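See below for the structure under consideration.
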Amino acid sequence: MASGVVSVAEAFERSGQDLVGRTRVVQVLRAVPGYGPARVAALMAVCGVAEKQRVGALNEQQRDRLVRALLS
């Protein structure tokens, strides 16, 4: 993500893959340029995502909220 090869939406779509599904959401969001610990924590709180939640455990609504928040 930091290199721009994969977007957050694409990472969330790959949640069925073993490695991506086991990755914590916070790690994925921290890879986005411009998103540090405070900004990621605030984004996750607003979107209703727990701090230790994994990408594979996100429901559809949580994914949509995170992607929309990143695009705005």
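The values are calculated or read from the model by the stated rules, or taken from the named source; none is laboratory data. If you're wondering where the values come from, they're calculated on a predicted model, not measured in any experiment. No Cβ is skipped: glycine too gets one built from the backbone with ideal geometry, and neighbour counts run over all protein chains shown. Protein only, heavy atoms only, side chains kept; ligands, DNA and RNA dropped before computing areas. Shrake-Rupley method; radii C 1.70, N 1.55, O 1.52, S 1.80 Å.
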Helical mean residue ellipticity (222 nm; -39500 (n - 2.57) per DSSP H run of 4+; nearest 500) of the chain: -15000 deg cm²/dmol
If you plug each phi of segment 40-56 into the Karplus form 6.51 cos²θ - 1.76 cosθ + 1.60 with θ = phi - 60°, what whole-Hz ³J(HN,Hα) values come out, in order, with x for Gly and Pro? 5, 4, 5, 4, 5, 5, 5, 8, x, 10, 5, 4, 9, 5, 9, 4, x
Kindly provide the trypsin sites (Lys or Arg not before Pro) of the chain that DSSP labels as loop, not H, G, I, E or B, and whose Cβ sees at most 14 other Cβ atoms within 10 Å. Lys52
Quote the charge dipole size of the chain about the Cα centre in Debye, to the nearest 20; the model charges only the Cβ of Lys and Arg (+1) and of Asp and Glu (-1). 200 debye
Any idea which of Val28, Ala11, Ala38 is furthest toward the positive side of the dipole for the chain, if Lys and Arg beta-carbons carry +1 and Asp and Glu beta-carbons -1? Ala38
For the chain, list log₁₀ I(q)/I(0) at each q in 0.12, 0.22 Å⁻¹, using the Debye formula over Cα point scatterers of equal strength and ignoring solvent, two decimals each. -0.25, -0.94
Of the accessible area of segment 7-59, computed with a 1.4 Å probe and all protein chains kept, carbon and sulfur make up a percent value of 54 percent
Send over a whole-number figure in Å² for the accessible area per residue of the chain, probe 1.4 Å. 62 Å²
Mean separation of Cα pairs under 8 Å and 6+ residues apart, divided by the residue count of the chain: what relative contact order is that in percent? 35 percent
If amide H atoms are built 1.01 Å from N in the plane of the peptide, which residues on other chains or at least 5 residues away come under 5 Å of the amide H of Arg54? Val25
In whole Hz, the Karplus estimates of ³J(HN,Hα) for segment 59-72 (6.51, -1.76, 1.60; θ = phi - 60°; x where Gly or Pro) are 8, 4, 5, 5, 4, 4, 4, 5, 5, 4, 5, 6, 7, 8
